[in-house]
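Worksheet: one structure, shown below.
The values are calculated or read from the model by the stated rules, or taken from the named source; none is laboratory data. Given the structure is predicted, the values throughout are model-derived calculations rather than measurements. Using ideal geometry, Cβ is built from the backbone for each residue, glycine included, and neighbour counts are taken over all protein chains shown.
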Amino acid sequence: MLALAIIGPGIITAVADNDAAGISTFSVAASTFGYQMFIILLPIMIVLAVTQEIGARIAIVTEEGLGDLIREHYGVRMAILIYLLLFVVNLIVVIMDVAGLKAALSLFHLNTTLFLPAIIAALFLFVVLSNYTIIERFFFVLVAFYITYVASAFLAKPDWVNAVTSLVILRGQVSPHFLYVAIALIGTTVTAWGQFFIHSYVRDKHLTLEHLKYTRLEVYFGAFVTVVLTFFAMVAVAATLYTHNIHVEDAAVAALAIQPFAGQFATLLFGVGLLFAGILGCVIVALSTAYVFSEFFGYSGSLDENFSKSKLFYTTLLVQLGIATGVAMIPQISLFAITLAGNFISGAMLPIIFYFLYKFANNEAIMGTHTNNKFQNWLLVGSAVAIIFASSLGLLGQILGW
Amino acid sequence: MLYFAELFGKRVTSADGNAIGRLTDFAFLATDQPLITKLRVDTRVGHILVPVSSMKSINGVVVLTPGFETSGVAENELSVRIHLLDQQIIDIKGNKVVRVNDVVIQDKPYLVIAGVDVGILGIARWLRLEQWLNRQLARFGTTLRSDFLPWEHIQPLELSRGKVQLKREEKKLTKLAPEDLADHLERLSVKNLTRIIDLLPDEYEAEVVQNMNVTRQRALLRNIKPEHAAAILSHVDPDEAVDILLTLSEHRRGLITPFLKEEAKKRIDYLLSLSSTDIGSLATTDFFAADSEETAGNVRKRLKRDTTLDTPLTYVYVLNRKKELVGVCNLHELLLQNNEVPMYKFMIPNVVAVYLTTPPEIAIKKMVKYKIYALPIINDKREILGVVTIDDLVESMQEKLI
């Protein structure tokens with residue numbers, strides 16, 4: 001029973017990493033580089049598992065969110081800097097998610113000017129009016145819809161041997177553009193907001209030290225499930241579009257483009273997946289901004305509280321959803337440019353978050369006996385260095401047009 | 001009124017001007033009267049703790065006395081940065097209310113924490129944006145006020161357990177205007193003083209009482225037993241004693257005077273008999289007052305526009321919204337301030353004032369003692385009725401002498 005009670009933070013945070021913005025990035029990555037890009041998936045899984053576990057552990061031991069800890073140990077100036085950075089990056093992700101939602105709606109020929117604001121408004125009201133438990137169940141329902149990607153992958157009739165072996169064997173040359181897309185891929189999976197979200201979410205769920213062991217397993221399992229889903233989504237695109245040399249710019253186009261090769265049903269499945277990924281993503285990412293806001297500035301912020309008590313918390317949520325809906329409704333706007341860029345910035349921001357995780361998780365005054373072990377530290381520092389290196393190279397390549 | 005955000009990082013020098021380091025923290029006593037006891041100075045080779053008694057001045061640069069001492073942390077001392085600043089404030093039920101954005105320190109007559117700033121201005125101060133922000137807002141005809149939480153509302157005992165907890169449940173914080181904070185603290189101390197005054201030796205007691213301002217003295221004498229009041233007054237300078245006695249009702253005065261010590265009683269009775277002259281007849285209603293929120297620039301502009309050389313003008317009196325006298329500043333001080341600085345930030349909150357009942361002889365003694373050229377005359381509600389200048393007083397004395 002205890003094991004069941006703790007399920008939530010790890011799986012929901014990790015799977016939400018594959019939000020609509022994520023699916024778009026996977027589509028771009030898989031249609032441009034095919035199976036070559038698969039080499040990045042296992043490292044992503046390990047980094048995701050380890051960093052999320054550190055986040056959950058810190059949250060359980062300290063009973064505080066990452067935002068709380070940063071404010072208390074680094075002061076208000078650092079808190080504001082991080083918050084502004086996070087607000088912008090998260091807003092871009094929320095915009096992409098709402099745009100993904102919009103694209104999915106138009107796939108099903110639904111009137112977006114009517115349905116998009118209605119859905120967002122309904123989501124906001126739902127989050128405000130419901131309590132933690134109900135919202136968590138809702139998240140689980142959304143997570144379940146990710147199974148559609150597995151089905152799409154099978155309909156695409158891929159070269160399974162090639163797909164699986166590409167996870168461990170690097171094929172072809174590594175170009176700066178490859179690195180740029182790879183960082184975006186890391187950035188959409190191992191996210192800055194995810195680090196803050198798992199903290200806040202664990203705290204909001206009131207998990208305690210006795211839950212630590214199970215939460216750790218749940219977090220690892222969540223990372224595994226996430227990367228498996230990424231794998232299938234990418235297989236669906238790689239097996240159809242990359243093989244036929246079609247480069248797509250976002251997930252909705254990918255959903256349409258796979259139709260000639262995998263059939264109408266695959267398009268439908270891909271579209272449904274995108275729809276729910278958009279819903280899950282925009283709520284969770286906007287929630288993460290709201291959690292961090294209330295932690296940094298000390299206001300009450302919990303899903304269990306009503307609007308009047310957590311006014312600023314819910315207002316932050318509303319502002320993010322409102323701006324995102326507004327931007328996504330502009331017909332002329334091309335979100336392709338920001339899809340990769342947004343996730344790239346999100347990825348490039350990770351070393352900063354890792355720095356804080358490293359500092360807090362190794363501080364005995366904060367963590368007591370639950371400090372990091374050598375492997376975790378090595379991995380944190382190693383992946384931070386690798387991300388800094390790869391993102392600098394990728395950015396340089398992007399600027400110089402390599 | 002000092003703010004920790006503005007003191008943090010200040011240069012610390014020795015009496016002969018040699019650099020020692022930078023001020024980074026204060027140690028204070030976690031009691032109802034949170035005295036600041038030590039300064040933490042970060043030097044090139046580490047940090048030192050310097051008792052406040054070794055501090056010569058804190059305005060501009062922090063200057064230490066020649067041969068200043070250093071010491072360690074005492075058991076009952078807490079740190080402003082670790083235990084107070086940036087911490088989450090919770091109410092008695094554990095609800096998150098807000099964070100401590102800045103710590104407000106009163107420097108006269110001794111360094112003591114007056115309260116905490118929980119408003120946006122507290123954050124802006126750390127970013128050095130306070131004045132800029134208010135300038136921008138002034139264009140729209142509005143300003144931001146600091147939001148203070150007086151120390152009285154905080155449970156000092158909980159601080160050492162790492163919690164900034166309020167004494168009651170707070171739906172909406174009861175905040176105080178900055179200019180009233182010092183006054184509030186004084187009134188609060190009366191309550192504490194009546195409780196602890198029995199423990200003090202008589203001479204020390206009298207010294208404490210003499211250092212209070214008139215309002216506080218009166219409040220104290222109203223609240224303690226007549227024989228105790230008499231014991232204190234016997235040790236107070238007779239001039240002061242008479243002034244205090246004259247502010248009390250005749251009934252109350254009659255209760256206290258029989259208990260006065262013989263020698264003191266003689267002098268006090270004599271001085272009381274002098275009080276036939278009405279100080280009101282010597283007073284002028286020509287004085288210059290400013291609102292506590294008014295900026296120095298604006299006050300200077302008004303001085304230039306509204307006053308002539310005929311006006312005897314040595315001080316600007318500062319009033320709060322209820323038109324109570326809350327501070328004073330001299331013209332030199334006013335000249336030194338930047339345009340945007342509000343009056344409450346540099347006014348002296350401990351105003352030496354007299355009542356209509358105060359004998360002119362005592363008024364003149366107060367002027368000599370505190371080196372003041374004009375005294376405000378106030379009523380029970382702390383409203384200014386007029387000002388009596390040293391010239392007019394001397395003139396009236398002269399008539400008597402001849």
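Data for the structure
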| quantity | calculated |
| --- | --- |
| Single residue of region A:307-317 satisfying the filter (touching a residue at least 60 places away in the same chain (Cβ under 8 Å) and crowded, with 18+ Cβ neighbours inside 10 Å) that is nearest to B:ILE90 (Cα to Cα) | A:TYR314 |
| Test result for B:ALA363, closer than 17 Å to B:GLN210 by Cα and in contact with a strand residue (DSSP E or B) (Cβ under 9 Å, 6 or more places away or on another chain) | yes |
| For B:GLU75: the one exception among (1) among the charged types (D, E, K, R); (2) more than 20 Å from A:LEU312 (Cα to Cα); (3) crowded, with 20+ Cβ neighbours inside 10 Å | (3) |
| Condition check for B:SER54: out of contact with any Phe, Trp or Tyr (no Cβ under 7 Å at 6 or more places or on another chain), more than 21 Å from B:PHE148 (Cβ to Cβ) and away from every other protein chain (no Cβ under 14 Å) | no |
| Search result, residues across region B:137-151 that are surrounded by 12 or more Cβ atoms within 10 Å (Cβ to Cβ) and either free of Cβ contacts under 8 Å to residues at least 60 places away in the same chain or in a loop (DSSP other than H, G, I, E, B) (or both) | B:LEU137, B:ALA138, B:THR143, B:LEU144, B:ARG145, B:SER146, B:ASP147, B:PHE148, B:PRO150 |
| Residue within region A:270-286 that is within 14 Å of chain B (Cβ to nearest Cβ), modelled with pLDDT of 85 or more and out of contact with any His (no Cβ under 9 Å at 6 or more places or on another chain) present | no |
| Residue that is touching a Phe, Trp or Tyr at 6+ places or on another chain (Cβ under 8 Å), surrounded by fewer than 19 Cβ atoms within 10 Å (Cβ to Cβ), in contact (Cβ under 8 Å) with a residue 12 or more places away in the chain and at negative phi, where the choices are B:LEU335, B:LEU325, B:LEU356, B:LEU313 | B:LEU313 |
| Criterion violated by B:VAL326 - all others in (1) part of a strand (DSSP E or B); (2) closer than 24 Å to B:LEU282 by Cβ satisfied | (2) |
| Helices (runs of 4 or more DSSP H) contained entirely in region A:1-118, each with at least 3 residues that are modelled with pLDDT under 90 and farther than 17 Å from A:ALA277 by Cα | A:2-6, A:20-33, A:41-62, A:66-107 |
| The one condition in (1) free of Cβ contacts under 8 Å to residues at least 60 places away in the same chain; (2) outside any helix (DSSP H, G or I); (3) closer than 30 Å to A:ALA239 by Cα that A:HIS206 fails to fulfil | (3) |
| Whichever residue in region B:123-135 is touching a residue at least 60 places away in the same chain (Cβ under 8 Å) and away from chain A (no Cβ under 13 Å) and, among such residues, is surrounded by the fewest Cβ atoms within 10 Å (Cβ to Cβ) | B:ARG135 |
| From A:VAL319, A:VAL272, residue being within 24 Å of A:TYR146 (Cα to Cα), in a helix (DSSP H, G or I) and not aromatic (Phe, Trp, Tyr) | A:VAL272 |
| Failed criterion for B:ASP278 (all others in (1) buried (at least 17 other Cβ atoms within 10 Å of the Cβ); (2) in contact (Cβ under 8 Å) with a residue 40 or more places away in the chain hold) | (1) |
| Lone qualifier among A:PHE313, A:PHE297, A:PHE344 - being within 14 Å of chain B (Cβ to nearest Cβ) and touching a helix residue (DSSP H, G or I) at 6+ places or on another chain (Cβ under 7 Å) | A:PHE313 |
| Scan of region B:1-34 for residues that are assigned to a strand (DSSP E or B) and among the aromatic types (Phe, Trp, Tyr), ordered by number | B:TYR3, B:PHE26, B:PHE28 |
| Test set (1) in contact with a His (Cβ under 9 Å, 6 or more places away or on another chain); (2) away from chain B (no Cβ under 14 Å); (3) among the aliphatic types (A, V, I, L, M) - A:VAL50 fails condition number | (1) |
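Yes/no per residue for (1) more than 14 Å from chain B (Cβ to nearest Cβ); (2) within 23 Å of A:ASP250 (Cα to Cα); (3) over 15 Å from the mean Cα position of the chain (by Cα); (4) touching a residue at least 60 places away in the same chain (Cβ under 8 Å):
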{"position": "A:ALA14", "(1), (2), (3), (4)": "yes, yes, no, yes"}
{"position": "A:ILE23", "(1), (2), (3), (4)": "yes, yes, no, yes"}
{"position": "A:ILE60", "(1), (2), (3), (4)": "yes, no, yes, yes"}
{"position": "A:LEU69", "(1), (2), (3), (4)": "no, no, yes, yes"}
